[in-house]
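The values are calculated or read from the model by the stated rules, or taken from the named source; none is laboratory data. What you see is a predicted model, and the numbers here were worked out from it, not measured in a lab. Neighbour counts run over all protein chains shown; Cβ positions are idealised from the backbone, glycine included. To get the accessible areas, we keep the full protein, side chains included, count just its heavy atoms, and leave off ligands, DNA and RNA. Shrake-Rupley method; radii C 1.70, N 1.55, O 1.52, S 1.80 Å.
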Amino acid sequence: MPALVFDCDGVLADTEKDGHLPAFNDAFAEFGVPVRWDVPTYAEKVKIGGGKERIASDLPDTDGAADLIRHLHARKTQLFLERVRDGQLPGRPGIARIVADALAHGWTVAVASTSAEPSVRGVLEHAVGAELAERCHVFAGDIVPRKKPAPDIYLKVLDDLRLDPAECLVVEDSGIGVQAARGAGLAVVVTVSTFTADDDFTGASLVLSHLGDPGDPLAVVSAPAGVRPEGMVTLADLEQLLPTNQEESR
């Protein structure tokens, strides 16, 4: 059966500006670290895969830096989860609908992210509900040697779940996410998020504003594979984008 693999941040929910950014800044303040990221600065930081790596980019490489980064990131994760649980980061349009439909039709559904696992599980559960979240596979955190744009996280998903790349579709929101998925030989749908509108999505099969819901129609940004959903993405649209079906239509 086909598989649908979601990135987390910017895909399940638009988490960066109102979730991760203030959590990073609050953690910096609590630890007395003289760093505070504004929105333009953070727009550059999101191009770095992994929260600890983002922190390290602004800290001197001194003795004890690794421990500071680890503790600071753990606190940032707690602060981020508080925002998730307070309902400040709602799921993006179409996420709960598509996950429910895919699972109902026997698709494998997974989430693959370089964010900390508690953060990913928290966002997933809030976006789709606890029952559906329990049926999704989660790959998150420091489980691969290289983070996006390296393909390692997607290669691990393929290997661990024994998936056929030709039967898989990834939903991403960023240029580095597209690079990671394409590096693993996977087809990609992009749902553009707050910080990624100007990213290079070369290689994506479809680029959208979001997946769409009744009363909240999507906008098609580009459709290189020739599939143009109307109003909202359906499972039938996604099936057309699977590499096996794309080959058959040529």
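Figures for the structure shown
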| quantity | calculated |
| --- | --- |
| Sulfur and carbon atoms: percent of accessible area, the chain [1.4 Å] | 48 |
| Net +/- balance of residues flanking Gly94 in space, Cβ distance below 12 Å, scoring K and R +1, D and E -1 | -2 |
| J(HN,Hα) series, region 7-15, from Karplus relation 6.51 cos²θ - 1.76 cosθ + 1.60, nearest Hz, glycine and proline x | 5, 9, 5, x, 10, 5, 8, 8, 8 |
| Mean shadow area of region 4-139 over all directions, Cα convex hull, nm² | 8.1 |
| Residues of the chain: accessible area per residue with a 1.4 Å probe, Å² | 44 |
| Distance histogram for region 120-210 (every C-alpha pair counted, 10 angstrom bins, percent rounded to whole numbers) | 17, 43, 38, 3 |
| His210 accessible area, 1.4 Å probe, all protein chains in place, Å² to nearest 10 | 30 |
| The chain, relative contact order in percent, only Cα pairs under 8 angstrom and at least six apart counted | 21 |
| Hull-based mean projected area of region 165-250, where the convex hull spans the alpha carbons, in square nanometres | 5.3 |
